[in-house]
1. Once you keep just the Cα pairs under 8 angstrom separated by 6 or more residues, what percentage relative contact order results for chain A?
2. Which aspartates and glutamates have a Cα lying under 13 Å from the Cα of residue B:287, excluding residues fewer than 8 positions away in the same chain?
3. What list of ³J(HN,Hα) couplings, whole Hz, do you get for segment A:38-44 from phi and the Karplus terms 6.51, -1.76, 1.60, once you set θ to phi - 60° and write x for glycine and proline?
4. Can you give the average number of partner chain beta-carbon atoms within 10 Å of each beta-carbon in peptide B:203-215, as a whole number?
5. Can you check what the net charge comes to around residue A:221, using other residues whose Cβ is under 15 Å from the Cβ of residue A:221 (Lys, Arg +1; Asp, Glu -1)?
6. Over all directions, how big on average is the projection of the convex hull of the alpha-carbon atoms in the protein assembly as shown, in square nanometres?
7. Counting only residues 5 or more places away or on other chains, whose amide H sits under 5 Å from the amide H of residue A:115 once H atoms are built in the peptide plane?
8. Got a sec? How would A:308, A:290, A:238 order by Cβ neighbour count within 10 Å, fewest to most?
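Please treat every number below as a calculation from the coordinates, not as lab data. This structure is a prediction, so every number in the text was calculated from the model and none was measured. A quick note on method: Cβ atoms are made from the backbone with ideal geometry, for glycine too, and the neighbour counts reach across all protein chains shown.
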Amino acid sequence: MTTPDSEVVADQRPAGDGDDALLEVRGLRKHFPVTRGAIVKRQVGAVKAVDGVDFTVRMGETLGLVGESGCGKTTTGRMITRLLEPSDGQIIFEGQDITHVSQAKMRPLRRDLQMIFQDPYSSLNPRKTVGTIIGAPFRLQGIETEHGVKRAVQDLLEVVGLNPEHYNRYPHEFSGGQRQRIGIARTLAMRPKLIVADEPVSALDVSIQAQVVNLLEDLQEEFNLTYVVIAHDLSVVRHIADRVGVMYLGKMVELADGEGLYNSPMHPYTVALLSAVPIPDPAKRKGRERVRLQGDVPSPLNPPPACRFHTRCWKAQEICGTVEPPLVEVIPGHRVACHFPENAPEGAGAKVTKAAEEAGLTEQSG
Amino acid sequence: MTQDQTAEPVADPAPRAFLDVRDLRIHFPTDDGLVKSVDGLSFTLERGRTLGIVGESGSGKSVTSLGLLGLHNRRNAKVSGEIWVDGQEVVGSSPEQVRRMRGRKMSMIFQDPLSSMHPLYTIGAQIIEAYRIHNNVSKDVARKHAIDMLGRVGIPQPDRRVDDYPHQFSGGMRQRAMIAMALSCDPELLIADEPTTALDVTVQAQILDLIRDLQEEFDSAVIMITHDLGVVAELSDDILVMYGGRCVEYGSAEDVFHRPEHPYTWGLLGSMPRLDRDRSERLIPIKGSPPSLINVPVGCAFSPRCAYAELNDGRSETERPELREIAPGHRVACHLGREDRHRIWTEEIRPRL
């Protein structure tokens, strides 16, 4: 099921995976089978939601994952927290391979690995009080708290800026922003090391978004948290992330520190994505050069061969449809998967092409 | 708030503007109390211009748009005020009269194209139906028109896609089909209620371009309702900021973005991370959350969240500020004095944005 050319990426060791790497993802894949037939199900294809992604998350940093809907960013987040079983690849958390660890063995790890969900309306049980919801992790993990669970929950409520007296209220009594705070309090209960936040603010109003973004930053400082923030809003990600990965159709196409990515994007897709963001300044309406992408994202059921973006790319040449560009570090801290990168030093594209050829050769011999 | 907004008194029967909304109030009596979704809103709009209505959820912006089209539920909504579209009044008209205007004079692009199209009819059938209600033409002519419209909004192979069902279209294409349907009868007033909220940025850019091009082509008046300040900045000539069912600031796009006068507008600008500025260390959120429309705070609705409310000697909590013209075409509803507002904006707010 795995295409040989995408194996290339998996062979590359992510850069900067020194001792400070908290999470390492190598060649991660998730293929959802598409079956046909009522009684005897046979597989007729696979949705390649995530198809060979690798990155490292360092201790204390925030990694942002951006991309359009269907690019596989949520699936990646769910695999990291093991809410989905990866089809292939490796997830290494604190030096331990957790790719296929069983549910029972995963449970103690969940203390360190938590998730914040997108929709604060559907991620809280409407029939449980806030106290029960936030206290659940203590009960599940069997943790004894010094002054009882109630006190611990009330402390948490205070940490996220809610009134501790609201302990006995139900989720429907809270607004969207407050519910998201409840979700964050629940995540914090176990004092995790890594939090995967899947679109933590996209369901909230602008004025509330800023409150939650600030809260996430404060908590990171206070509890030394590491975040993987998944979002489609490029400006929110720029604000909170130290490093940003851009995904397109199940592949990571660019991975760089925030400043590098936003100031000199290299992959044509990143360039297009950034230029599509509306700028809240009417004076800049005119004279802005825009890259307009044509058409829609192709179906992940049958993605284009080699570079996934070549069908919509204005720089695409013949090689883009035949040789898949691997994610290569072209300047320190800036990795891109493109044969003809923008804003890149001389020879960066050749570097990518060469890496692709080398990988292709080793593949044939092996 | 209305009397000083329009030059003519409310009773004047002959409005000069193409769209003239005067003291529009839409209230919903419920078991919990009266929900004042829109409470005294007035504005005008000429053809060929775009008005952006900005506000958070529950500020009454969508209810306004439904009221303009007469789409509110007549059994439980209490509507008062006047809406003049091209010399014709909407609020006092019978449902039959409004129905005849809807589609032809004014039409709407909804937020979620999947739930606002009928899943069991083809895209073509839905456009043809709308066209044939307002134009006495044969099915074949209407079909040709539908194909033509789909082509105009950039759907590839429109002669084949016209027979597809909504679920066979992608999100961006559905929104295009929705726009084709809304424009099929050359409406003079187009209301777009969060037209791109459900879409990805690259598709959003395509749709915004499309709306802009089509507006030039048809010379229609466009009302753009959104919570995204970036989208309004891209498209709007004028901007109306709503809070708690009322207009708190109205002005040209340049005024609202470069010389905003209301603390709520400052808050919106401060809470938004921006790609066109250097990365700020911290966002400046507005404290608290939007008010419930059943219990709108007495006095200025924004006062509980306003950082400058105490500068007004308690008037913020007791007296509702009227919308006053502070510069030609720029109106603000705030108790703060002119000098105070200027000082706060130039000294405290602008440097931090």
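1. Across chain A, relative contact order equals 18 percent.
2. In chain and number order, the partners are A:205.
3. Computed from phi, the couplings for segment A:38-44 are 7, 9, 9, 7, 10, 7, 10 Hz.
4. Partner Cβ neighbours, averaged per residue: 2.
5. -3
6. 35.4 nm²
7. Excluding prolines and chain starts, which carry no amide H, the hits are A:196.
8. By the 10 Å Cβ count, ascending: A:290, A:238, A:308.
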